[in-house]
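These notes are about the structure you will find just below.
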Amino acid sequence: MKNRIILTLLLSFGLLNSLTSCSSMPEKAQPVDQFDVNRYLGTWYEIARFDYRFEKDLDNAIAQYSLTEDGNVNVVNSGYNFKKDKWVSANGTAKFRGEKNVAALKVSFFGPFYAGYNVVALEEYKYALIAGKNLDYLWILSREKTIPENIKQKFISKAQEIGYDTSKLIWVKQDKKSPFDK
């Protein structure tokens with residue numbers, strides 16, 4: 001009985017897949033090579049994403065990346081919860097899964113549980129397309145609160161080639177200044 005309860009909890013939180021899956025990105029996704037983490041550091045505005053429970057009801061979402069002393073990446077995600085009328089943030093750590101010049105990382109906000117964070121398209125370190133561990137996680141990021149239409153369409157096409165259903169993208173409102181923005 002105890003094992004069944006633990007299994008039910010793992011399944012309900014999606015942790016069993018994280019623990020048993022060796023895949024950290026969708027099958028057709030390829031991380032950017034010749035990646036320079038130092039150029040990637042700083043603030044990124046979330047332009048679009050697939051909705052999932054950790055970002056539910058958030059707009060004005062931003063991600064801030066900085067290098068830690070041990071060479072990992074400190075991650076601070078924040079956004080405005082428009083239903084609760086308050087700003088929220090979460091701190092995490094990202095680590096490279098292999099070579100540091102390949103944009104295949106794993107990120108954790110919850111202790112020992114990591115999920116894939118893969119930069120699969122990058123335009124001049126101004127715009128990025130991020131694939132998660134599977135086809136349920138996708139983000140479009142920008143250094144500015146908007147993205148040019150040609151880059152947006154290029155990223156949507158790339159995501160569709162990987163297998164994403166881009167009709168599920170939520171276009172994030174960016175109309176407030178975050179108190180977490182450095």
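The values are calculated or read from the model by the stated rules, or taken from the named source; none is laboratory data. Values in this document were obtained by computation on a predicted structure and should not be read as measured data. Cβ: placed from backbone, ideal geometry, glycine included. Neighbour counts: every protein chain shown. When the accessible area is computed, the model is the full protein with side chains, heavy atoms only, and any ligands, DNA or RNA have been set aside. Shrake-Rupley method; radii C 1.70, N 1.55, O 1.52, S 1.80 Å.
Note on surface exposure: 155, 96, 113, 54 rank 54, 113, 96, 155 by accessible area, highest first, 1.4 Å probe.
List the aspartates and glutamates whose Cα lies under 15 Å from the Cα of residue 173, skipping any in the same chain that are fewer than 8 positions away. Candidates past the 8-residue exclusion: 46, 51, 55, 57, 59, 85, 144.
Spin-label model, residue 154/residue 85: points 7 Å from Cα along the beta carbon direction are separated by 4.2 nm.
222 nm [θ] for the chain, helices only, -39500 (n - 2.57) per DSSP H run of 4+, per residue, to 500? Please list the in-between numbers first.
Numbers: 4 runs with 35 residues, N = 182.
When only DSSP H runs of four or more count, the value is -5500 deg cm²/dmol.
Measuring nothing but how far apart in sequence close Cα pairs (under 8 Å, 6+ apart) lie, relative to its length, the stretch 24-182 scores a relative contact order of 30 percent.
Mind running the shape call on the chain? Use the C-alpha gyration tensor, a ≥ b ≥ c as the square roots of the eigenvalues: rounded below 1.5 for a/c, prolate if a/b tops b/c, oblate otherwise. Could the numbers behind the result be given before it?
Numbers: a/c = 1.35, a/b = 1.20, b/c = 1.13.
Rounded shape, in that the Cα axes give a/c under 1.5.
Note on the chain: dipole from Cβ charges, positive end direction compared against 54, 75, 101; the farthest Cα belongs to 54.
Each label was represented as a point 7 Å from its Cα along the Cα-to-Cβ direction; for residue 74 and residue 168 these points are 3.4 nm apart. Taking amide H atoms as placed 1.01 Å from N in the peptide plane, the amide H of residue 117 lies under 5 Å from those of 105, 106, 107, each 5 or more residues away in sequence or on another chain.
Suppose every Lys and Arg Cβ carries +1 and every Asp and Glu Cβ carries -1, with no other charges. What dipole size does the chain come out with about its Cα centre, to the nearest 20 debye? Write down the numbers at each step before the final one.
On the way: 26 positive and 21 negative charges, 103 e Å.
Charge dipole of the chain: 500 debye, to the nearest 20.
Leaving out ligands and nucleic acids, note down the accessible area per residue over the chain with a 1.4 angstrom probe, in whole Å².
Numbers: 10310 Å² over 182 residues.
Roughly 57 Å² per residue, with all protein chains present.
If you roll a 1.4 Å probe over the chain with all protein chains in place, what percent of the accessible area is carbon or sulfur? Don't skip to the answer; put the middle values down first.
Working: 5350 of 10310 Å².
The C+S portion of the solvent-accessible surface of the chain is 52 percent.
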